[in-house]
1. With the requirement that a residue be free of Cβ contacts under 8 Å to residues at least 40 places away in the same chain, part of a loop (DSSP other than H, G, I, E, B) and crowded, with 17+ Cβ neighbours inside 10 Å, what does segment 131-171 give you?
2. Is it true that Thr31 is modelled with pLDDT under 95, assigned to a strand (DSSP E or B) and surrounded by 15 or more Cβ atoms within 10 Å (Cβ to Cβ)?
3. With Ala105, Ala174 as the choices, which residue is modelled with pLDDT of 95 or more and exposed (fewer than 15 other Cβ atoms within 10 Å of the Cβ)?
4. Residue pairs, Cβ under 6 Å, 6 or more apart or interchain, first in segment 72-93 and at pLDDT 95 or above, second surrounded by fewer than 17 Cβ atoms within 10 Å (Cβ to Cβ) and outside any strand (DSSP E or B). List them.
5. For segment 34-60, enumerate the residues that are closer than 14 Å to Ala88 by Cβ, charged (D, E, K, R) and out of contact with any Leu (no Cβ under 9 Å at 6 or more places or on another chain).
6. Residue pairs, Cβ under 8 Å, 6 or more apart or interchain, first in segment 174-201 and touching a residue at least 40 places away in the same chain (Cβ under 8 Å) and in the same structural domain as Leu137 (by TED's automatic domain parsing), second small (Gly, Ala, Ser) and part of a loop (DSSP other than H, G, I, E, B). List them.
7. Given the conditions (1) assigned to a strand (DSSP E or B); (2) surrounded by 15 or more Cβ atoms within 10 Å (Cβ to Cβ); (3) not small (Gly, Ala, Ser), and given that Phe184 satisfies all but one, which numbered condition is not satisfied?
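The values are calculated or read from the model by the stated rules, or taken from the named source; none is laboratory data. Bear in mind the structure is a predicted one, so any value in this text is a computation, not a measurement. Here the Cβ is made from the backbone with ideal geometry for all residues, glycine too, and neighbour counts use every protein chain on show.
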Amino acid sequence: MKAFANFRSTFKPAAFDFSLAENEGVLDPETSTNYEAGVKARAFDGAADFEASLFSMDMQNIVTPTVVNNLPALTNGGATHLSGVELAADLRLAHSNFVRASYSAHDATFGDYLYSFDGVSNTQLDGKRFEMSAKSLWSLGFSHAPERGFIASVNANHVGDRYLNKRNTALAPAYETIDASIGFRTARAEYRLDGRNLGDRRDAVAESEFGDAQYYRMTPRTIRAGVALHY
């Protein structure tokens, strides 16, 4: 078993807002402090690996987009806090079979954070969760991967509920996705058929930079066939 811990204090030089809107010029520098600690272990004659870690991060003077006199601009928004725990396990079974699992719980919230939604007044977001930030994530996968012959894998992924906006008024439900693949390996080539997002989920996964309340959706079900040659 190995234990690890680290502390980091970072400093990002002040940004200058080159937009056309009236502003104060150079913004305050962004700063952050980060604490992390955990353990890594290998057991059963190397057949299993485990890892667990805790982290906490505080960020100050976050640069955020805003609107000044109907023109886009930048401003220092305030503080944010991130903390959580992450767990992972990797099992190597007989006959080239593998099982992998991971879990993480995150608490990502705004601190003393002012944000202008209308370009006129500021809204205090202290205590609100980050938009698009799920509190829990987990994955579970199985694979059969010998050096020669038939290969296959299946993976399940879970994303917990998350808010779609900074005000925390629109809560999106949790969702799961399934990926799978099959193939065949020879000494000179590998033939594969891969499927991603087999359930064809189309949940919102990221905010669009083109405006408020606009989102990028998950890539639809995708099936790909491929051949890799080894020289």
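1. Result: Gly160, single match.
2. So Thr31 passes the test.
3. Values: Ala105 fails: exposed (fewer than 15 other Cβ atoms within 10 Å of the Cβ).
After ruling out the rest, the residue left standing is Ala174.
4. Once the first residue is at pLDDT 95 or above and sits in segment 72-93, its partners that are surrounded by fewer than 17 Cβ atoms within 10 Å (Cβ to Cβ) and outside any strand (DSSP E or B) give Arg92/Ala47.
5. The answer is Lys40, Arg42.
6. So the pair list comes out as Ala174/Ala134; Ala174/Gly160; Thr177/Gly199.
7. (2)
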